[in-house]
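**Q** Take this structure first; my questions come after.
The values are calculated or read from the model by the stated rules, or taken from the named source; none is laboratory data. What you are looking at is a predicted structure, and each value in this text was computed from that prediction instead of being measured. Every residue, glycine as well, gets a Cβ built from its backbone with ideal geometry; the counts of neighbours run over all protein chains shown. Side chains included, ligands, DNA and RNA excluded: accessible areas come from the protein's heavy atoms. Shrake-Rupley method; radii C 1.70, N 1.55, O 1.52, S 1.80 Å.
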Amino acid sequence: IQTLDKTIGASKFNHIYLWVHDYFLMCEGYNLFRNNVEYCGAPSVGSSACEVCIYGNGRKDHIQQISSIIKKAGTIISPSIAATKILLNYMPELKDKTITHPHYEILGSRMSSMKAEKIRVAYIGYGTFHKGYYDFVSIVNQFEGNKAFEFIKFSSDNIKTKNIENIPVAVTKD
């Protein structure tokens, strides 16, 4: 946090954009999983829900440290409407300086007239909502029936999804 704060402070830019890829502004547990297990929804600091979490003890200090960065940011960019809603529910004072800009936007599924090999689009990782798997599934569904695309998932999970080829992989110490 200190490095980011010093970098922003030393910047000569008049307007700072802060991309909030996750929920680090609200908690060191950047995915808002209480004890890395269950989604918590960013309860208020000092709440009983926060006190039982492994991130609860340091959360107050974290929020104080991050507030300096937030004050210096001219615009905060959130990757989805859902993420913006969570952020503003916890920090309503950011409403006027927060915009939503998605990770991706499908503008159309028409292919150019060029002859091309099949386009392969892959998702790598465990199929969970906080890693963007359901965004990937949404893309797959938008292109359903378009034979120019092939969708692949490289993962150790056993989630089977229509129109996605699952290739089992795992990261191990070996």
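**Q** Determine whether Val121 is open to solvent by 60 Å² or more (accessible area, probe 1.4 Å), of a type in the set (A, V, I, L, M), within 30 Å of Ala83 (Cα to Cα) and modelled with pLDDT of 85 or more. Walk me through how you get there before you give the answer.
**A** Numbers: open to solvent by 60 Å² or more (accessible area, probe 1.4 Å): no; of a type in the set (A, V, I, L, M): yes; within 30 Å of Ala83 (Cα to Cα): yes; modelled with pLDDT of 85 or more: yes.
The answer is no for Val121.
**Q** Right, next: Please state which of the following conditions Ser44 fails to meet, knowing it meets all the rest: (1) of a type in the set (S, T, N, Q); (2) without any contact (Cβ under 8 Å) to a residue 60 or more places away in the chain; (3) surrounded by fewer than 16 Cβ atoms within 10 Å (Cβ to Cβ); (4) outside any loop (DSSP other than H, G, I, E, B).
**A** Of the numbered conditions (1) of a type in the set (S, T, N, Q); (2) without any contact (Cβ under 8 Å) to a residue 60 or more places away in the chain; (3) surrounded by fewer than 16 Cβ atoms within 10 Å (Cβ to Cβ); (4) outside any loop (DSSP other than H, G, I, E, B), the odd one out for Ser44 is (4).
**Q** Okay, moving on. Please indicate, with yes or no, whether at least one residue in the range 61-71 is part of a strand (DSSP E or B) and not hydroxyl-bearing (Ser, Thr, Tyr).
**A** Keep residues of the range 61-71 that are part of a strand (DSSP E or B), which gives none.
Checked the range 61-71: no residue is part of a strand (DSSP E or B) and not hydroxyl-bearing (Ser, Thr, Tyr).
**Q** Taking the conditions exactly as written (open to solvent by 40 Å² or more (accessible area, probe 1.4 Å), within 25 Å of Lys131 (Cβ to Cβ) and assigned to a helix (DSSP H, G or I)), does Lys85 satisfy them or not?
**A** On the way: open to solvent by 40 Å² or more (accessible area, probe 1.4 Å): yes; within 25 Å of Lys131 (Cβ to Cβ): yes; assigned to a helix (DSSP H, G or I): yes.
Criteria met by Lys85.
**Q** If you check every pair at least six apart or on different chains, which have Cβ atoms under 8 Å apart with a residue in the range 20-40 that is open to solvent by 40 Å² or more (accessible area, probe 1.4 Å) first and a residue that is of a type in the set (D, E, K, R) and part of a loop (DSSP other than H, G, I, E, B) second?
**A** Tyr30/Asp22
**Q** Further, regarding this structure: Hey, among the residues in the range 124-144 that are open to solvent by less than 70 Å² (accessible area, probe 1.4 Å) and modelled with pLDDT of 90 or more, which one's farthest from the chain's Cα centre (by Cα)?
**A** Restricting to residues being open to solvent by less than 70 Å² (accessible area, probe 1.4 Å) and modelled with pLDDT of 90 or more, the top hit is Phe143.
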